Structures are given as structure tokens and as C-alpha cells.
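A.B. asks: Take this structure, written in C-alpha cells, and hold onto it; I'll ask about it next.
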Amino acid sequence: MLSKNRIKLIRSLKSKKGRDKTNCFIVEGLKSIKELLDSNYHIETLYIRNNIDESDVVDFKDQNLFFIDPHEMKEISNLANPTEALALVSKPETTKLPNSEKLMIALDSVQDPGNLGTIIRTCDWFGINQIFLGNGSVDFYNPKVIQATMGSFTRVKPFKVDLDSFIHEKKQEGVKIIAAHLSGASLLQFQFKSVNSHLLLFGNEGNGLSDHLRDLSDFLIKIPGSEQAESLNIAASMSILTWEAFRSTFNR
């Protein structure tokens, strides 16, 4: 049976303050938790409903495992319809910024957890294993972000950066900064060059990219459409531009 203090601790991980204090975050669902077993993440504690089939938990026999009843799972879950498992996971140690890759993604103050989770999942699909988050962006370890990644967070590493200095550094390395912007040229008229490294830059859902970061960019691009809608969802925009960059850069 879970103690009141344990329930309180787990619930505290819904907030960034609680996650920073404990250096832990929550992962829910057997599929996403199984992804952790082949990653560099460490499962501190695993809670599994006591009414699921034993064959579903064979992979977790070496974990710090506790069986709890459905009512207890509902008390600690962040979901309206709790899954069969919830894990407390240690956040990895912060490391220095990695070397530039052929294709990189940076986000300026993206605040919707679902958008960030979808973007992380898209990065994973295209083999992009790092993402750069500017100030004001939603926390990578927010439970809604983690849930939306469907396990892809285990293969995409987050780096919190000051985008101003980060972009200056990348430009000095010869990286081309490509920003999604409504005032940009049509994507149909732009050609990604396979000899270059590219950083795709995306702005806030409501306000778009800041003027300062826009001015730092080498190229501004917009995705052509009917223009009946005010704008395209950032996760959708990211998917389209990333595919275009991916197929051009890697000659797919």
C-alpha cells in the first residue's frame, strides 16, 4: 500500500519545481516504460497494477517493482484513464553541448506540451537525436510531453540553450540557420544543400519567432498553402520542413 508521503511525492512530479527538486520525472504506460530498458535512463521505482497478466511484467523482474491496486494507480496517475504502469525515472546528468550534426532542431519558447512531444517523436523518426530548447520553452520532462512522445524521448536528448549565443556559435561553425516564418520565401523555391549542416528554427505557437532571432537567421521559409487558416500548427510545420531537409540533405 502506498503511503501518503509517497503519493504526495509522486504527485509533486507533475510540476517542474517537484521534478527539479527530486531530479525525477514520471513515465506512464508499459510501452514507453519498456523503451527505458534500452536507454541510458534509470528507473528508480516502478508501480504496476496488481490485476494485469504476469506475462506483461516479465521484462521488469530486475526493477524496483511494486504492485498496487487500480485505486492507488488512479491516485498517482496524471491521466484521466490511468494505464497499467507508472515509473519514477531519474533525469540524466546535464552534459556539454554536442558537436553539430547535419540536421538540428531548435525551438524558441514553444509552450504546448503536446506540440513538443510530437516534435520529439518526429525528431526520432528522422534520426535526429538532439533538440535545443530556448528560454520559455515547456519542460522536456513535463508528463504531457513525455506521454506525447510515445517513448521517443529515450532517443532524443534535450539541451536547454540561450538561442542568441547558440545561434551565433553555430553560424561561426558554418551551420545554416533556416527559420520558419510567415514572411519567408516559399519552401518550393528553397533548396537544402547536402554539403551544409542546417539548424531548423521554430518560434512560439502564438507569437512566432522573435524579431531578434529572425534577423539572425540565414534564410526565412514558409510552407505554401491556401492561406485560409491563420497559420500552420508548429508540430505540423516542423514535420514538413524536417522531411524536406532530410530528403535533400541525405539524398533520400
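Only the coordinates and a few stated rules stand behind these numbers; no lab work does. For clarity, every value in this text was computed on a predicted model and none was experimentally measured. All Cβ positions, even for glycine, are placed from backbone atoms using ideal geometry, and neighbour counts span all protein chains on display.
A.B. asks: With a cap of 15 neighbouring Cβ atoms within 10 Å, and only residues DSSP puts in a loop, list the chymotrypsin sites (Phe, Trp or Tyr not before Pro) found in the range 165-201.
C.D. replies: Sparse-neighbourhood loop chymotrypsin sites (Phe, Trp or Tyr not before Pro): none present.
A.B. asks: Given 0.36 nm per residue, what is the gain on full extension from ILE240 to SER100 after removing their alpha carbon distance, in nm?
C.D. replies: 48.2 nm
A.B. asks: Determine the gain in length on full extension of the stretch LYS17-ASN50; use 0.36 nm per residue of separation and subtract their C-alpha separation, reporting nm with one decimal.
C.D. replies: The span from LYS17 to ASN50 would gain 8.8 nm if fully extended.
A.B. asks: As an exercise, identify the GluC sites (Glu not before Pro) in the range 192-235 lying in DSSP coil whose Cβ has no more than 12 other Cβ atoms within 10 Å.
C.D. replies: GLU227, GLU230
A.B. asks: With N set to the residue count of the range 42-134, report its C-alpha Rg divided by 2.2 N^0.38 Å to two decimal places.
C.D. replies: Relative to the rule-of-thumb radius for its length, the range 42-134 sits at 1.42.
A.B. asks: Still on this model: Once every DSSP H run of n ≥ 4 in the chain is given -39500 (n - 2.57) and the sum is divided by its residues, what mean residue ellipticity at 222 nm do you get, rounded to the nearest 500 deg cm²/dmol?
C.D. replies: So the helix-based figure for the chain works out to -9000 deg cm²/dmol.
A.B. asks: For helix 113-125, what angle does its Cα long axis make with the longest principal axis of the chain, in degrees from 0 to 90 and rounded to 10?
C.D. replies: On a 0 to 90 degree scale, this one is about 80.
A.B. asks: While we're looking at this one, here's another question. Counting only other residues whose beta carbon sits under 14 Å from that of LYS222, what net charge do I get with K and R as +1, D and E as -1?
C.D. replies: Taking every other residue near LYS222 into account, the sum is -2.
A.B. asks: Quick check of the Kirkwood formula: for the chain, what is the inverse mean of 1/r over all pairs of different Cα atoms, in Å?
C.D. replies: 19.6 Å
A.B. asks: Of all alpha-carbon pairs in the range 1-99, indicate the percentage at a distance above 15 angstrom.
C.D. replies: Cα-Cα pairs of the range 1-99 separated by over 15 Å account for 62 percent.
A.B. asks: Now for a different question. Going by how many other Cβ atoms sit within 10 Å of their own, how do HIS168, HIS198 line up, fewest first?
C.D. replies: Result, fewest neighbours first: HIS168, HIS198.
A.B. asks: May I pose another question? Where does the charge balance sit around ILE52 when Lys and Arg score +1, Asp and Glu -1, over other residues with C-beta under 12 Å from its C-beta?
C.D. replies: -4
A.B. asks: What are the aspartates and glutamates whose alpha-carbon lies under 13 Å from the alpha-carbon of LYS34, with same-chain residues fewer than 8 places away excluded?
C.D. replies: Answer for LYS34, where 13 Å is the Cα cut-off: ASP56, ASP59, ASP62, GLU84, listed by chain and number.
A.B. asks: Let me ask you something else. Given bins 5 angstrom wide, list per bin the percent of all Cα-Cα distances in the range 103-249, short to long.
C.D. replies: 2, 10, 21, 24, 22, 14, 6, 1
A.B. asks: Pairs of Cα atoms under 8 Å, at least six residues apart: use those to get the relative contact order of the range 103-249, whole percent.
C.D. replies: 29 percent
A.B. asks: Can you give the angle from 0 to 90° between the axis of helix 163-172 and the longest principal axis of the chain, with both taken from C-alpha atoms, to the nearest 10?
C.D. replies: Roughly 50 degrees between the two axes.
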